[in-house]
Amino acid sequence: MSHEDDELLATPKSERPPRKRRRKDDAPKKRDRDGDMLGRVMEVIARASGTPGFLIVLSVFVAVWLTWNSLAPEKWRFDSAALGFTVLTLALSLQASYAAPMILLAQNRQDDRDRVQIEQDRQRAERNTADLEYLMREIVALRLAMQDVATKDFIRAELRSLLEDIDQLDDDDESPNTDPAPNR
């Protein structure tokens, strides 16, 4: 035991500095990052495998392979036509055996992205629906409030009525007064 260990043991537990516990959650998610990186690389390869360019390159490769191993001098050939181009068959089988899982991986990753996009679209649609319902309620409230507001025609009619009343009062004031006002 070292001197530091002795001091640590001599201190009561309540005064000791807290020990850092490493949990699985605290560890960097290197495996997830590596898996994600590998998934992205596989996805790029799978996408490239389905392009016309890839098919042309693969066709040219096979044509060159077949031409070389059929027409080249015997000592330069590395795959025998007599054996049915076994090495070419193995190479293409290996390529196909890797291509199928890569395509499936790319499809699974695309499905995951689609699922997330669908969820985001659903949430956006819910927010839009809620906003639309709110605006509809506000429009209805405004319409109801507008029914209580005096319209231009109503105000004009009221003003005409008041003018008629004023005119009538003026006419009454101008009419001859039969009762003479007493002089004081």
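Considering region 43-82, and only residues there that are closer than 30 Å to Gln110 by Cβ and among the aromatic types (Phe, Trp, Tyr), the residue that is most open to solvent (accessible area, probe 1.4 Å) turns out to be Phe61.
For region 101-131, the set of residues classified as within 10 Å of the chain's Cα centre (by Cα) and either within 14 Å of Arg47 (Cβ to Cβ) or among the hydroxyl-bearing types (Ser, Thr, Tyr) (or both) consists of Arg113 only. As for region 127-148, it holds no residue that is without any contact (Cβ under 8 Å) to a residue 24 or more places away in the chain, within 30 Å of Ala48 (Cβ to Cβ) and aliphatic (A, V, I, L, M).
Out of Tyr134, Tyr98, one residue alone is open to solvent by 100 Å² or more (accessible area, probe 1.4 Å), under 30 Å from Leu66 (Cα atoms) and within 49 Å of the chain's Cα centre (by Cα). It is Tyr98. Need the failing condition index for Phe85 against (1) of a type in the set (A, V, I, L, M, F, W, C); (2) surrounded by 10 or more Cβ atoms within 10 Å (Cβ to Cβ); (3) farther than 30 Å from Met37 by Cα; (4) modelled with pLDDT under 90, just the number. Checking Phe85 against (1) of a type in the set (A, V, I, L, M, F, W, C); (2) surrounded by 10 or more Cβ atoms within 10 Å (Cβ to Cβ); (3) farther than 30 Å from Met37 by Cα; (4) modelled with pLDDT under 90, the one that fails is (4). The sole residue among Arg143, Arg122, Arg113 that is at pLDDT 95 or above and open to solvent by 60 Å² or more (accessible area, probe 1.4 Å) is Arg122.
The selection criterion, being among the charged types (D, E, K, R), open to solvent by 70 Å² or more (accessible area, probe 1.4 Å), within 49 Å of the chain's Cα centre (by Cα) and modelled with pLDDT of 60 or more, holds for Arg33. Look at region 100-125: where a residue is farther than 16 Å from Leu38 by Cβ, no partner that is open to solvent by 70 Å² or more (accessible area, probe 1.4 Å) and hydrophobic (A, V, I, L, M, F, W, C) sits 6+ places away or on another chain with Cβ atoms under 7 Å.
The values are calculated or read from the model by the stated rules, or taken from the named source; none is laboratory data. Keep in mind that this is a model prediction, so the values were computed, not measured. Glycine also receives a Cβ, built like all others from the backbone with ideal geometry; neighbour counts cover every protein chain displayed. To get the accessible areas, we keep the full protein, side chains included, count just its heavy atoms, and leave off ligands, DNA and RNA. Shrake-Rupley method; radii C 1.70, N 1.55, O 1.52, S 1.80 Å.
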